[in-house]
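Novice: Below is the structure I would like to discuss, written out as structure tokens.
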Amino acid sequence: MKNSLISNCYQLLLPLTRLLLRLGISWREMSELTKRAYVQAAAQDYAEKRRPVNTSRLAIMTGLTRKEVKRIRDLLAAGNCLDEVRSGAADAVLLGWHSDPEFRAANGLPAILDIEGEDRSFNALTRRFAGDLPPGAMLKELVRVGAVERLESGRLRLLRDHYAQVDITDATLDHVAQAMTTMGRSLVNYVEDQDCSGNSRQH
């Protein structure tokens with residue numbers, strides 16, 4: 001039963017993951033958001049049964065540690081459900097280029113960078129913000145998605161400060177999010193209607 005459930009969940013996640021990749025949402029970001037969603041959903045589900053929600057019970061339900069649950073509950077209670085989500089390496093490089101004074105020109109705009117060099121180069125930028133990822137691979141990907149332009153001189157210009165494989169409007173994103181939310185709620189309702197144990201309806 002559990003293997004079948006895991007397999008079906010994997011199939012459910014694949015199209016969602018493809019969408020997230022196109023939108024530039026990294027595994028690191030999604031992992032943190034998923035933890036928060038687990039805690040929030042478990043707390044809401046438990047509260048609906050009019051039972052006191054405590055950290056230990058949420059840790060058991062979600063599989064997270066009590067320390068993680070407490071951290072997330074504190075964030076949610078403060079209304080910071082999206083704060084402190086660390087971005088992926090590509091986003092970190094682009095944002096660093098856009099905001100770090102060392103990689104900005106005298107006019108305050110992101111500088112045109114040489115590829116190589118110890119100071120204020122793309123390689124130096126990548127080493128600072130992307131750790132041990134190869135600068136060459138990072139450059140190819142950022143050029144591919146249209147975030148960086150390679151000039152005729154061979155130097156590089158920043159075109160946008162975030163990583164994404166597609167460029168869509170906020171209105172389109174809102175529409176997609178609303179559609180997925182509606183579909184998700186419908187699936188939850190269907191599963192609860194098919195529940196033979198009666199657990200979803202016990203109080």
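Novice: If Ala92 satisfies every condition in (1) more than 21 Å from the chain's Cα centre (by Cα); (2) closer than 22 Å to Ile25 by Cα but one, which is the exception?
Specialist: For Ala92, the failing item is (1).
Novice: Do you know which residues across segment 83-92 are surrounded by 11 or more Cβ atoms within 10 Å (Cβ to Cβ) and assigned to a loop (DSSP other than H, G, I, E, B)?
Specialist: Answer for segment 83-92, where residues must be surrounded by 11 or more Cβ atoms within 10 Å (Cβ to Cβ) and assigned to a loop (DSSP other than H, G, I, E, B): Val85, Arg86, Ser87, Gly88.
Novice: Ok, one more. Just the residues that are under 23 Å from Leu21 (Cα atoms) and of a type in the set (Phe, Trp, Tyr), please, taken from segment 114-150.
Specialist: Phe129
Novice: Answer yes or no as to whether Asp167 is of a type in the set (Asp, Glu), within 24 Å of Leu13 (Cα to Cα) and not in a loop (DSSP other than H, G, I, E, B).
Specialist: Numbers: of a type in the set (Asp, Glu): yes; within 24 Å of Leu13 (Cα to Cα): yes; not in a loop (DSSP other than H, G, I, E, B): no.
Spelling it out, it is not the case that Asp167 is of a type in the set (Asp, Glu), within 24 Å of Leu13 (Cα to Cα) and not in a loop (DSSP other than H, G, I, E, B).
Novice: Quick one: how many residues across segment 46-78 are at pLDDT 85 or above, part of a loop (DSSP other than H, G, I, E, B) and not aliphatic (A, V, I, L, M)?
Specialist: Here the count works out to 3.
Novice: Would you mind finding the one in Ala179, Ala164 that is within 30 Å of Trp97 (Cα to Cα) and at pLDDT 90 or above?
Specialist: Ala164
Novice: Continuing with the same structure: List the residue pairs whose Cβ atoms are under 9 Å apart, where the first residue sits in segment 158-170 and is of a type in the set (Asp, Glu), the second is exposed (fewer than 14 other Cβ atoms within 10 Å of the Cβ), and the two are 6 or more positions apart or on different chains.
Specialist: Filtered contacts from segment 158-170: Asp161/Ser99; Asp167/Gly146.
Novice: Starting from segment 86-105, take each residue that is under 15 Å from Glu141 (Cβ atoms) and list its partners that are at pLDDT 95 or above and among the polar types (S, T, N, Q), counting only C-beta distances under 9 angstrom and pairs at least six apart or across chains.
Specialist: So the pair list comes out as Ala89/Thr126; Val93/Thr126.
Novice: Would you call Pro52 exposed (fewer than 11 other Cβ atoms within 10 Å of the Cβ) and touching a helix residue (DSSP H, G or I) at 6+ places or on another chain (Cβ under 9 Å)?
Specialist: It is true that Pro52 is exposed (fewer than 11 other Cβ atoms within 10 Å of the Cβ) and touching a helix residue (DSSP H, G or I) at 6+ places or on another chain (Cβ under 9 Å).
Novice: Right, something else. Could you check Arg36 against (1) in a loop (DSSP other than H, G, I, E, B); (2) surrounded by 15 or more Cβ atoms within 10 Å (Cβ to Cβ); (3) touching a residue at least 40 places away in the same chain (Cβ under 8 Å) and say which number it fails?
Specialist: (1)
Novice: Still on this structure, I have one more. Could you please find all residues in segment 149-187 being of a type outside the set (A, V, I, L, M, F, W, C), loosely packed, with under 12 Cβ neighbours inside 10 Å and more than 23 Å from the chain's Cα centre (by Cα)?
Specialist: Glu152, Ser153, Gly154, Ser186, listed by residue number.
Novice: Assess whether Met30 counts as being assigned to a helix (DSSP H, G or I), touching a Phe, Trp or Tyr at 6+ places or on another chain (Cβ under 9 Å) and modelled with pLDDT of 90 or more.
Specialist: Details: assigned to a helix (DSSP H, G or I): yes; touching a Phe, Trp or Tyr at 6+ places or on another chain (Cβ under 9 Å): no; modelled with pLDDT of 90 or more: yes.
Criteria not met by Met30.
The values are calculated or read from the model by the stated rules, or taken from the named source; none is laboratory data. If you're wondering where the values come from, they're calculated on a predicted model, not measured in any experiment. Positions of Cβ are backbone-derived with ideal geometry, glycine not excepted, and every protein chain shown enters the neighbour counts.
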